[in-house]
Amino acid sequence: VLPNTMQSLKAALEKPTFNYRNLDSILQFDPACMINLLAYANQEINKDFDKQISQVEHAAMFLGMDRLERFINQISSIYSIKDKKIADKIVRLQHRGLHAAFQAQNFARLVNATAIDEIYTSTLITPLSELICWHIEPVKAQKVELLIHKNSIDYKQAQLEVFGFSYHELAEALTHQWKIPNLFLQRQEMEELNDASKSVMSMYLAEKCSII
């Protein structure tokens, strides 16, 4: 996650006036940390209830202070990445994911779609899956970009050739594994844009705008 996020989280927890709502204002600018928190909360809640949490405030309230502090102490900073170029690329992916998520929410509000919070979270999944690939397999991730820009290969095809899966497919697997809200799965099942729900259409358009 971004170093400023960890500093802000720890500072927020130390305040006597701590409010769970404050976490949302911090994590909305750090998609990796937000998704990790929601995934952690949903894995915990699914042990006892068949529910899904899509809001940071609800996740934090469910986890409580003890588990929330353990979560914060376990997250790692982007400063742990030694290669500056890779670290810079991951920061750009974070920003692109945030841009797409905010755009998806704005599109959704314009067309009066529902589940605004879930739209924000679900739009972050694909950028986060690409971010994970850059963090774990930076050489392969760079090769994907070379195929796209030098060989003019399709974005998805380049991912398949290098990794054997697309970022969307990884995002789908993460959605299942982390038990996060499954609006993203509806976006995956979309065959025709005209047949999509307003929420899914908002996500799709925001994602396309973020890649351009």
How far, in degrees from 0 to 90, does helix 84-110 lean away from the longest principal axis of the Cα atoms of the chain, to the nearest 10?
-> 80
Go ahead and set up a Gaussian network model of the chain, Cα springs under 10 Å, then flag whichever of 54, 25, 122 fluctuates most.
-> 25
Among the lysines, which fall within straight-line cross-link reach of residue 208, defined as a Cα-Cα distance under 16 Å, with same-chain neighbours fewer than 8 residues apart omitted?
-> 156, 198
Quick one: pull the percentage of alpha-carbon pairs in the stretch 155-198 with a separation above 17 Å.
-> 44
How far is the Cα center of the stretch 5-25 from the Cα center of the stretch 148-212, in Å?
-> 32
Give the calculated FRET efficiency between residue 44 and residue 106 to the nearest 0.05, with a Förster radius of 35 Å applied to their Cβ-Cβ distance.
-> 0.65
Alpha carbons only, please: Rg and Dmax for the stretch 112-207, in angstrom.
-> 14.3, 42
Accessible solvent surface per residue of the stretch 49-164, calculated while the other protein chains remain in place, 1.4 angstrom probe, Å² | 56
How long is the gain from residue 11 to residue 195 if the chain were fully straight, where each residue apart is worth 0.36 nm and the alpha carbon distance is subtracted?
-> 61.6 nm
Checked the stretch 50-197 against the a/c 1.5 cut and the a/b vs b/c comparison, axes a ≥ b ≥ c from its Cα gyration tensor; verdict oblate
Share of accessible surface on carbon and sulfur in the stretch 54-212, whole %, 1.4 Å probe and ligands ignored, is 51
Exposed trypsin sites (Lys or Arg not before Pro) being those in a DSSP loop with at most 14 other Cβ atoms within 10 Å, the longest stretch of the chain free of them is 83-212
Please check the chain for the longest run free of GluC sites (Glu not before Pro) that are loop-located per DSSP (anything but H, G, I, E, B) and have at most 12 other Cβ atoms within 10 Å.
-> 1-190
How high is the relative contact order of the chain, in percent, counting Cα pairs under 8 Å that sit 6 or more residues apart?
-> 23
How high is the FRET efficiency from residue 51 to residue 154, r the C-beta distance, R0 45 Å, rounded to 0.05?
-> 0.70
With springs only between Cα atoms under 10 Å apart, run a GNM on the chain and tell me which of 74, 52, 142 wobbles the most.
-> 74
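The values are calculated or read from the model by the stated rules, or taken from the named source; none is laboratory data. Just so it is clear, the structure is predicted and the values come from calculations on it, not from any experiment. Counting neighbours? That spans all protein chains shown, and the Cβs are built from the backbone with ideal geometry, glycine included. The accessibility values were calculated without ligands, DNA or RNA, using every heavy atom of the protein model including side chains. Shrake-Rupley method; radii C 1.70, N 1.55, O 1.52, S 1.80 Å.
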